[in-house]
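Take a look at the structure set out below.
The values are calculated or read from the model by the stated rules, or taken from the named source; none is laboratory data. Nothing here was measured: the structure is a model prediction, and the numbers come from that model. FYI the Cβ positions are ideal-geometry reconstructions off the backbone, even for glycines, and counts take in every protein chain you see. Calculation scope for accessible area: heavy atoms of the full protein, side chains included, ligands and nucleic acids excluded. Shrake-Rupley method; radii C 1.70, N 1.55, O 1.52, S 1.80 Å.
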Amino acid sequence: LGATAMISLGAIVSLRFWGKLADRFGNHWIFTVSHIGIPVSTVLWIFIGKDTLSTVLVLASFFFWSVFNSGNRIAQTRYILHAVPADRQNQINVINVGGLFLGLTRDYSFEFAVFGFNNYHILFTISAALFVLPHLLCGKIRQKADAPTMQVVAIVAHPLLNIFGPFMRISKRETSRKK
């Protein structure tokens with residue numbers, strides 16, 4: 001129940017944020033950030049055990065996966081709706097094969113280092129690895145209005161600069177270009 005709530009909470013907390021930033025800076029940077037965040041939060045599942053810390057890790061993993069997935073879905077939707085002509089948008093489909101994979105690999109498991117590795121671990125590892133392909137293809141779908149990823153990260157993280165110091169210098173010309 002708590003994990004399911006984390007999915008909703010991650011979406012609630014982040015969808016408005018992603019939407020406003022997508023409208024302002026485009027899709028490309030969201031694909032880049034989410035193609036890093038989703039696999040990192042997904043691969044955390046291989047460290048989950050049966051202790052109290054693992055319970056917290058489950059909740060955090062669901063929450064952060066939801067945050068990055070929400071951004072990715074916003075960017076995908078914006079891209080698809082711009083790429084597919086309005087009269088053909090009824091043909092857009094999404095297929096989930098995770099359940100099929102788990103059903104077909106029910107009896108697969110093996111020992112890896114000091115912990116067991118079953119079909120769920122394999123699914124989460126494959127899911128994380130699959131984000132490499134869209135990340136590599138991300139450059140091909142860049143639109144003219146899309147801002148560079150590091151520029152958006154620097155602008156969004158600007159309040160943290162007072163705490164941690166500057167990590168990237170942005171000229172006034174680059175920030176005023178998007179206004």
Checking the conditions here, which among 73, 88 is open to solvent by 50 Å² or more (accessible area, probe 1.4 Å), at pLDDT 85 or above and among the charged types (D, E, K, R)? 73
Hey, can you tell me all the residues within the stretch 42-56 that are among the β-branched types (Val, Ile, Thr) and either in contact with a strand residue (DSSP E or B) (Cβ under 8 Å, 6 or more places away or on another chain) or assigned to a loop (DSSP other than H, G, I, E, B) (or both)? 46, 48
Of all residues in the stretch 42-56 being touching a helix residue (DSSP H, G or I) at 6+ places or on another chain (Cβ under 7 Å) and surrounded by fewer than 22 Cβ atoms within 10 Å (Cβ to Cβ), which is modelled with the highest pLDDT? 43
Residues of the stretch 5-29 being under 23 Å from residue 144 (Cα atoms) and either in contact with a Phe, Trp or Tyr (Cβ under 8 Å, 6 or more places away or on another chain) or in contact (Cβ under 8 Å) with a residue 60 or more places away in the chain (or both), which ones? 21, 24, 25, 26, 27, 28, 29
Any idea which of 109, 127 is out of contact with any Ser or Thr (no Cβ under 9 Å at 6 or more places or on another chain), at pLDDT 80 or above and polar (S, T, N, Q)? 109
